[in-house]
Amino acid sequence: MTPAGPHEEEVLGKAYDARLVRRMAEHVAPQSRLIALSVVLMFVVMGAQLLQPYLIKVLIDDHILAARPRGVALLAVAYLLALAVELLARYGQLYSMELTGQNVIRHLRDRVFRHVLSLDSAFFDRYAVGRLMTRVTTDIEALADLFSSGVVTLLGDSVKLVAIVALLWWLNWRLACVALAICPVLFLLSVLFRGRIRQAYRDVRRRIARMNAYLQESISGVLLVQLFRREALSRREFADINADHRDADLRSVVYESAFSAVIELVGTVAAALILWYGGGQILRGALTFGTLVAFLEYTARFFGPIRDLSGFYALLQSAMASLERIFDLLDERPAIAAPAADASVPGRARGRIEFEDVRFAYRTDQEVLHGVSLRVDPGERVAIVGATGSGKTTLIKLLIRLYDPTSGSIRVDGRDIRSLPLSYLRRQVGVVLQDHFLFTGSVAFNIAFADPALSHEKIEAAARAVHADGFIGRLPGGYAAPVRERGGNLSVGQKQLLSFARALAFDPAILVLDEATSNVDTETEMRIQDALLRLMRGRTSLVIAHRLSTIVGADRILVMHHGRIVEEGTHRALLDRGGIYHRLYQLQFDQEVKASGPAPLASPEVAS
């Protein structure tokens, strides 16, 4: 592990990308009513805000200085009413905009998750899980601020600035020129600080990405860290990364604080200029005192939007970078093409499997299967053996269309699997993989994983068939017992039994066991031997195994070597041939077959 590495990625792109905005507009359009409501309320807020200084001007000029108390109470009520309208309208505007943002990111997150589930295995081979999680969580969350405090705020602040300038000009154009004389300086300072704030923001986001990557790697490999006594070194590395992030965050705080302070200073200077020039105008009788007070109030309201607009730049830049990554993910097209929607769906499969001159390569420069042809009849039990990397598991992945062959065809019951709906194909094939993955939930949930509506009777029947009911009954809560992440509270054997039950709960026509008993101890293996014999009866069964004792009773055994089927026959015939299978058998087992007892695929004649 290294503090910095390939997990880092550029987090900022263009500050504005019209193409991305147009695409995002498709997701925002359904919220147009909420947006319109927020805009209307924004103008109500703005009107109430801008009315208040003018009411103060009228109060001072027309009543206080003129010594006319009549109408003061009415002005006070009007001021309080304007304040109440501002507060209520601001609440409504903020709530409607937050609701808009949350609705948009909820629908966008749903779409991204649905899209990820539709992608093929080749995509996940090249896309890190951590990056996918970032797309669905952090990147989409970055858009929330853009909607809740970005777009409408940008519009409101821009309109407010124009309105304030117009009001100042209307009240007294000479004093307006004095008040706005400082704006060029403010613009130059904004440009200067914007670049520094942008760089500081980029540094913070990069260090967050580095920290997340290091945490994910360290926690995932915590067992290895502990076994190699690397805790102290890992703590020091993380402390360095954490300190680096703190320093970057402090730099961003310094620039943000300095910019806010400069805005305050400029506002103070502007107020001083107004008092200096306005005071002279009052002495000469060219300006009323109320107008001067109104100028000061409007000027104070002028510099807030300036500060907000400068901060919006960093917010917009972050959102554009997130949008680009999200849409890049959504633009990924699954390599596994589903058949037309009107494709006919046959009934339950009989289970005949045919591979015809199948070739396949995970990468274009390295072919894994070289013209494999085979036929498995309905109800036949076929075992596939061979050295690691010979292509055994690849055959299964092609059968259930995790990948498509580079050339050749695969048929089930005489029909090309590419013409079958994926849901139908994968419903007909029950697969038990070597990695017995369990999800957080109950035992019953994991058995009925594909159909939460599966009856409890069928769940129990599947568990009994693989002899999983014994240990389930001893769990607190039985079938309602919780299963922790990846089955962390269960033994390897228990997880394997639940995987068997999950695959068999739906009575598949074709059963695939991919090294499914490779980690099962002898006692557990004995418990599932008769269950497997019963379950495979009447089903087409494909069994991939390194432990040859588990497949000696198969109807046929296929021996793969370097992506080709090089031998085929029964256990006895292959031993008599003296080829690769014979050598594998001698290397692995010699005396172990006799000691291990009957094998899962062993018929009584073979086992005896």
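Annotations
- Each label was represented as a point 7 Å from its Cα along the Cα-to-Cβ direction; for GLU237 and THR268 these points are 4.9 nm apart.
- Residues ARG474, ARG486 arranged by fewest to most Cβ contacts within 10 Å: ARG474, ARG486
- Loop-located chymotrypsin sites (Phe, Trp or Tyr not before Pro) in the range 173-265 whose Cβ has at most 15 other Cβ within 10 Å (DSSP): PHE228
- Placing unit charges on each Cβ (+1 for Lys and Arg, -1 for Asp and Glu) gives the chain a dipole about its Cα centre, and among PRO452, LEU587, LEU189 the Cα reaching farthest toward its positive end belongs to LEU189.
- Loop-located chymotrypsin sites (Phe, Trp or Tyr not before Pro) across the range 69-169 with a Cβ neighbour count of 15 or fewer within 10 Å are TYR127, with loop assigned by DSSP.
- Checking [x] 47, 32, 23; [y] 49, 28, 25; [z] 73, 25, 23 against semi-axes √(5λ) of the Cα gyration tensor in Å calculated from these atoms, the matching label is [z].
- Look at the dipole of the chain built from charges on Cβ: of ALA261, ALA232, TRP170, the Cα furthest out on the positive end belongs to TRP170.
- Pairs of Lys residues in the chain, spaced 8 or more positions apart or belonging to different chains, with C-alpha separations under 28 angstrom: 8 in total.
- Percent RCO, i.e. relative contact order, over the range 22-137, from Cα pairs under 8 Å lying at least 6 residues apart: 38 percent
- Placing a label point 7 Å from the Cα of ARG68 along the Cα-to-Cβ line, the residues of the range 288-306 whose backbone N sits under 15 Å from it are 290.
- Net lengthening on full extension, ASP416/VAL165 (0.36 nm per residue, minus Cα-Cα): 83.1 nm
- Cα pair distances in the range 177-310, grouped into 10 Å bins until the bin that holds the longest one, percent each: 11, 27, 18, 15, 12, 9, 5, 2, 0
- FRET efficiency for the LEU87 to LEU155 pair, using the beta carbon distance and R₀ = 22 Å, is estimated at 0.60.
- Between ALA76 and ARG464, the simple spin-label model (points 7 angstrom out along Cα→Cβ) gives 8.5 nm.
- A full extension of the chain between ASN212 and ARG114 corresponds to an added length of 32.8 nm, given 0.36 nm per residue minus the alpha carbon distance.
- Of the beta bridges in the chain, as assigned by DSSP with both residues counted there, near 55 percent are antiparallel.
- Relative contact order [Cα under 8 Å, 6+ residues apart], the chain, whole percent: 15 percent
- Pairwise label distance in nanometres, GLU26 with CYS177, each label 7 Å out on the Cα-Cβ vector: 5.3 nm
- Rounded to 0.05, the FRET efficiency of the VAL191 and LEU227 pair, given R0 = 51 Å and the Cβ-Cβ distance, is 0.40.
- Which of VAL492, VAL376 has the fewest Cβ neighbours within 10 Å, and the rest in rising order: VAL492, VAL376
- Stokes-Einstein diffusion for the range 371-496 at 20 °C, viscosity 1.002 mPa s, with a Kirkwood radius from C-alpha pairs, works out to 125 µm²/s.
- Around ALA294: net Lys/Arg minus Asp/Glu count, Cβ-Cβ under 14 Å: -1
- Of the trypsin sites (Lys or Arg not before Pro) found in the range 357-388, no site is in coil according to DSSP while having at most 14 other Cβ atoms within 10 Å of its Cβ.
- The calculated 222 nm mean residue ellipticity attributable to helices in the chain amounts to -20000 deg cm²/dmol, summing -39500 (n - 2.57) over DSSP H runs of n ≥ 4 and dividing by all residues.
- Counting neighbouring Cβ atoms within 10 Å and putting the fewest first, the residues ILE400, ILE140 line up as ILE400, ILE140.
- Label-zone membership for the range 204-232, site ASP247, 7 angstrom Cα→C-beta point, backbone N under 17 Å: 204-211
- Gained length - VAL345 relative to ARG363, 0.36 nm times residue gap less alpha-carbon distance: 3.2 nm
None of the figures in this text is laboratory data; all of them are computed from the coordinates on show. Predicted model only: the values in this text are computed from it and were never measured. Backbone-built Cβ (ideal geometry, glycine too); neighbour counts: all protein chains shown.
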